[in-house]
1. Check off (1) more than 25 Å from residue 298 (Cα to Cα); (2) part of a helix (DSSP H, G or I); (3) in contact with a helix residue (DSSP H, G or I) (Cβ under 9 Å, 6 or more places away or on another chain); (4) not basic (Lys, Arg) for residue 375 and give me the number that stays unchecked.
2. Looking at region 248-272, I want the residues that are buried (at least 19 other Cβ atoms within 10 Å of the Cβ) and have a partner that is in a helix (DSSP H, G or I) and of a type in the set (A, V, I, L, M) with Cβ atoms under 6 Å, at least 6 apart or on another chain. Which pairs are those?
3. Counting just the residues of region 417-447 that are surrounded by 17 or more Cβ atoms within 10 Å (Cβ to Cβ) and more than 21 Å from the chain's Cα centre (by Cα), which one comes out farthest from residue 209 (Cα to Cα)?
4. When you scan region 326-347, how many residues do you find that are without any contact (Cβ under 8 Å) to a residue 12 or more places away in the chain and either assigned to a helix (DSSP H, G or I) or within 12 Å of residue 388 (Cα to Cα) (or both)?
5. Can you pull out every residue in region 463-489 that is of a type outside the set (Val, Ile, Thr) and within 22 Å of the chain's Cα centre (by Cα)?
6. Would you confirm whether any residue within region 201-219 is assigned to a helix (DSSP H, G or I) and at pLDDT 95 or above?
7. How many residues, within region 345-359, are surrounded by 18 or more Cβ atoms within 10 Å (Cβ to Cβ) and more than 16 Å from residue 472 (Cβ to Cβ)?
8. Tell me, which residue of region 111-137 that is touching a residue at least 60 places away in the same chain (Cβ under 8 Å) and small (Gly, Ala, Ser) is farthest from residue 232 (Cα to Cα)?
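The values are calculated or read from the model by the stated rules, or taken from the named source; none is laboratory data. Note that the coordinates shown come from a computational prediction; the quantities given were computed from them, not determined experimentally. As a convention, Cβ positions derive from the backbone with ideal geometry for all residues, glycine included, and neighbour counts pool all protein chains shown.
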Amino acid sequence: MTNNKGTVYLIGAGPGDPGLLTVRGLECIRQADVIVYDRLAGPRLLEQRRPDAQCIFVGKKPDRHTLSQEEINQLLVDKALQGHTVARLKGGDPFLFGRGGEEAEELARHGIPFEIIPGVTSAIAVPAYAGIPVTHRDFTSTLAIITGNEDPTKENSNIQWSKIATGVGTLIFLMGMGNLPGITQKLTEHGRDPATPVALIRWGTRPEQKTLVGRLDNISQMALDQGFKNPAIIIVGEVVQLRDKLSWFENKPLFGKRILVTRSREQASSLSQAIYNLGGEPVEFPTIAIAPPEDSAPLENALARLPEYNWIIFTSVNGVNYFFDALRRLNGDIRNLKGLKICAIGPQTGKALQKMALQTAYIPTEYRAEAIVEGLKDQIAPGDRVLLPRADIARKILPEALSRLDARVDEVTAYRTVLGNGNAEVIRNMLAEDAIDLITFTSSSTVRNFITLLGTVSPGQLVKNAKVACIGPITAATARELGLPVHIEADTYTINGLLQAILNIQ
């Protein structure tokens with residue numbers, strides 16, 4: 001074994017919910033030079049890759065293979081022999097009907113180091129997400145996981161139907177929808193009660209999850225009537241009865257909703273996590289990015305003269321962060337803020353200041369510039385000096401209104417809002433395929449950049465089948481001006497307020 005060979009990680013990517021990836025699997029994805037992935041490996045997992053990582057799709061469908069298994073094996077060998085670290089993402093667990101054993105054998109034959117990262121198998125996770133425990137002391141203590149790909153009518157079957165039909169309490173068939181009539185027939189022929197409950201679960205653990213419950217004697221016709229197809233698993237057994245009592249995932253308020261998050265990548269996590277916790281699938285499309293000012297001199301000059309100011313007004317969390325980053329960079333002293341009154345536009349900005357052990361003198365109840373002026377008009381005296389560290393494209397309403405109060409206002413750029421790097425082609429395709437249910441906008445910049453990135457002259461037509469949710473009236477007005485419909489407008493201009501407005505229409 002030579003030292004220049006790369007390592008291949010055979011990673012079980014789980015059944016679809018990206019939260020079910022193991023910690024070790026995530027570590028390997030993040031360090032990989034090359035990622036080779038299947039159709040059933042959740043697309044959000046690829047967001048964890050290095051920016052320079054090569055992604056190669058080798059997905060298989062029942063009617064078509066992008067690459068044959070032999071070609072996939074050779075691809076892994078070739079990439080490793082080139083010295084690359086390879087993450088091989090496989091849906092579920094690589095050693096449970098995942099052909100991971102064959103891939104590992106080929107790597108071993110070439111002396112290529114490899115590691116097996118077990119995954120959460122759909123055989124256990126998907127029933128759990130449908131509210132079906134595969135074992136239960138009141139129903140059964142036995143479980144069998146069986147391939148559904150084998151034709152039940154062939155003469156020399158590898159499946160001992162006579163034994164599993166009545167000898168095992170819960171039967172899980174993976175990828176067996178095409179053989180469902182034959183599977184149910186074989187089980188009843190070998191003694192399983194035709195009234196045995198059966199559940200079919202399609203796209204389990206994902207927003208598209210759909211569950212169909214019947215019995216051995218009618219489930220095939222039910223599936224035919226409803227067009228129920230792969231990827232799905234088949235669960236046979238009395239435990240299916242527990243679904244009515246234990247169903248939880250499909251009862252979440254945002255279940256089945258795929259929601260576009262257009263915030264910057266640094267800020268998207270809180271909204272994405274909240275959507276995920278409520279049962280939806282967040283799709284991150286960073287339309288904006290936050291960058292330092294092109295000319296930092298005005299901010300640095302203001303920091304050097306902090307004792308001269310009476311007020312500092314922060315209009316965003318980004319403004320707080322970049323202000324104090326600059327102060328640290330200049331070896332400034334936070335004690336120079338002594339005696340200054342501090343205003344924050346909203347509670348999140350206030351929390352960012354609290355992390356600096358700073359208390360705010362004023363936070364308006366309505367989180368926009370107009371409310372700041374209304375609240376401060378009796379607190380700011382003529383001649384007071386006010387520092388406004390904020391974005392380069394911030395609205396001019398605040399400094400103009402403060403000037404009319406005879407305040408001396410220094411507006412300095414603390415950070416820039418620039419065009420984000422979201423994958424516009426993917427989002428265009430998802431919108432065209434009606435794969436996005438809701439689009440969220442948290443600022444006017446996200447709206448403008450969304451349209452710029454997608455390059456559309458008819459934004460309303462592009463999003464015609466998706467609802468649009470805006471964090472407040474300013475953002476909503478921008479959306480309408482640029483041709484987007486607005487279906488949801490938050491009354492409270494915060495992320496929590498936006499989520500509550502979304503929930504109110506569900």
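1. All conditions are met except number (3).
2. As it stands, the answer is 259/275; 261/268; 261/271; 271/495, since those pairs meet every condition given.
3. My answer is 417.
4. 3
5. From region 463-489, those of a type outside the set (Val, Ile, Thr) are 464-467, 469-470, 472-473, 476-477, 479-485, 487, 489; that's our starting set.
Scanning region 463-489 gives 465, 466, 467, 469, 470.
6. Going through region 201-219, the residues assigned to a helix (DSSP H, G or I) turn out to be 219.
Applying the additional criterion that residues be at pLDDT 95 or above yields 219.
Among the residues of region 201-219, at least one is assigned to a helix (DSSP H, G or I) and at pLDDT 95 or above, which makes the answer yes.
7. The total comes to 4.
8. To start, the set of residues in region 111-137 that are touching a residue at least 60 places away in the same chain (Cβ under 8 Å) comprises 111-123, 125-127, 129-136.
From the residues that got through so far, the ones that are small (Gly, Ala, Ser) too are 111, 119, 122-123, 125, 130-131.
Working: 111: 36, 119: 18, 122: 9, 123: 10, 125: 12, 130: 12, 131: 16 Å.
Applying the filter and picking the extreme gives 111.
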